[in-house]
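Report on one structure; see the data block that follows.
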Amino acid sequence: MANRLDGKVALITGGNSGIGEGTAQLFAREGARVILMARREQEGMAVEASIRSKGGDAKFIECDVSDENAVDAAVIEAIRTYGTINILFNNAGHGASGNFPDEVAEDFQRVINVNLNGTFYMSRAVWPHLIEAGGGAVVNMSSLAAQRGASPRMVDEFGSTSSSYWAAKAGVDALTRYMAGVGGRSGIRVNGVRPGQIMTPQATRGTINDPDGGHHAFEKMFDLMQITPGPGYPEDVANLVLFLVSNESRFITGEIINVDGGVAAKL
């Protein structure tokens with residue numbers, strides 16, 4: 001089925017690379033006008049140009065989602081550009097290298113502010129425009145870290161993202177369910193996605209054991225836990241996000257769906 005997003009305006013945070021870029025490209029192919037928001041202007045402009053070169057309609061707006069004033073200003077610019085917003089994908093986020101109890105407070109707050117607070121700031125700014133549009137769809141980016149646990153041996157052998165990342169994504173899950181409850185009366189559906197081993201530039205950045213960055217940072221751990229072998233790719237997540245914002249999922253809200261190859265170890 002093609003053109004599932006004809007006439008829609010979709011805002012994607014973190015849209016300059018990885019899952020955000022893949023989703024932006026897919027949304028544009030499905031007929032949406034796409035607003036890309038991210039901090040890195042050069043990458044964002046490159047994605048905008050790529051979409052436009054294929055006949056799509058896209059606009060990059062520089063924005064740090066951890067800054068609520070910057071978020072409000074960016075959404076105002078988006079409305080000035082396209083007049084409305086029908087879809088929001090809160091994709092921006094990152095982790096840190098430190099872990100509990102050694103993670104410093106500054107890093108903890110920084111990760112919480114981008115992943116959790118940024119989702120709140122952007123959703124709050126876009127919400128009135130979704131209501132004005134007669135409803136819409138929001139998808140929040142969570143993670144398997146929000147759902148599973150880790151034994152000391154797993155952490156020692158495979159490593160882990162920061163404790164702040166786990167806490168932030170668990171907060172995103174709770175916020176997703178809360179927003180869905182509020183959105184029902186206004187025709188706004190809110191769902192979330194939890195990726196696992198997805199090959200993005202951030203996840204495959206060089207490590208001590210893999211300096212060239214050709215593998216997922218936690219490949220060995222995922223390979224042990226997954227039912228389906230091998231990694232996933234940005235388009236695997238983008239396809240789910242497309243489903244969740246299209247009319248095909250009109251009867252689904254308040255759900256958080258894993259895209260993880262069937263990770264069997266969930267606490």
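Annotations
- Taking the criterion of being modelled with pLDDT of 95 or more and hydroxyl-bearing (Ser, Thr, Tyr), the residues of the range 135-190 that qualify are 142, 176, 178, 186.
- So residue 168, is it within 23 Å of residue 63 (Cα to Cα), in contact (Cβ under 8 Å) with a residue 60 or more places away in the chain and surrounded by 21 or more Cβ atoms within 10 Å (Cβ to Cβ): yes
- Restricted to helices (runs of 4 or more DSSP H) entirely inside the range 81-165, those with at least 2 residues that are closer than 24 Å to residue 185 by Cα and among the hydrophobic types (A, V, I, L, M, F, W, C) are 118-132.
- Comparison of 30, 43, 68, 77 shows that the only residue that is within 26 Å of residue 177 (Cβ to Cβ) and among the acidic types (Asp, Glu) is 68.
- Inside the range 23-41, residues that are at pLDDT 95 or above and in a helix (DSSP H, G or I) make up a count of 7.
- Options 76, 87; residue that is β-branched (Val, Ile, Thr), surrounded by fewer than 23 Cβ atoms within 10 Å (Cβ to Cβ) and out of contact with any Asp or Glu (no Cβ under 9 Å at 6 or more places or on another chain): 76
- Any hit, the range 48-61, residues being in contact (Cβ under 8 Å) with a residue 40 or more places away in the chain and not hydroxyl-bearing (Ser, Thr, Tyr): yes
- Of all residues in the range 234-267 being part of a loop (DSSP other than H, G, I, E, B) and free of Cβ contacts under 8 Å to residues at least 40 places away in the same chain, the one that is nearest to residue 151 (Cα to Cα): 264
- Residue pairs whose Cβ atoms lie under 7 Å apart, separated by 6 or more positions or on different chains, with the first residue in the range 13-38 and surrounded by 24 or more Cβ atoms within 10 Å (Cβ to Cβ) and the second part of a loop (DSSP other than H, G, I, E, B) and β-branched (Val, Ile, Thr), are 13/65; 19/200.
- Here residue 52 does not fit the description of being charged (D, E, K, R) and crowded, with 16+ Cβ neighbours inside 10 Å.
- Taking the range 166-199 as the range and being in a loop (DSSP other than H, G, I, E, B), of a type outside the set (A, V, I, L, M, F, W, C) and on the phi < 0 side of the Ramachandran plot as the test, the residues that pass are 196, 197.
- Failed condition for residue 128, given (1) more than 12 Å from residue 13 (Cβ to Cβ); (2) crowded, with 20+ Cβ neighbours inside 10 Å: (2)
- Failed item, numbered, when residue 73 is tested on (1) of a type outside the set (Asp, Glu); (2) assigned to a loop (DSSP other than H, G, I, E, B); (3) without any contact (Cβ under 8 Å) to a residue 12 or more places away in the chain: (2)
- The listed residue being at pLDDT 70 or above, charged (D, E, K, R) and farther than 30 Å from residue 2 by Cβ, out of 223, 236: 223
- Whenever a residue of the range 177-191 is surrounded by 14 or more Cβ atoms within 10 Å (Cβ to Cβ), its partners that are part of a strand (DSSP E or B) and among the charged types (D, E, K, R), lying with C-beta atoms within less than 9 angstrom and at least six residues away or across chains, give the pairs 180/189; 183/189.
The values are calculated or read from the model by the stated rules, or taken from the named source; none is laboratory data. This structure is a prediction, so every number in the text was calculated from the model and none was measured. All Cβ positions, glycine included, derive from the backbone under ideal geometry; neighbour counts span all protein chains shown.
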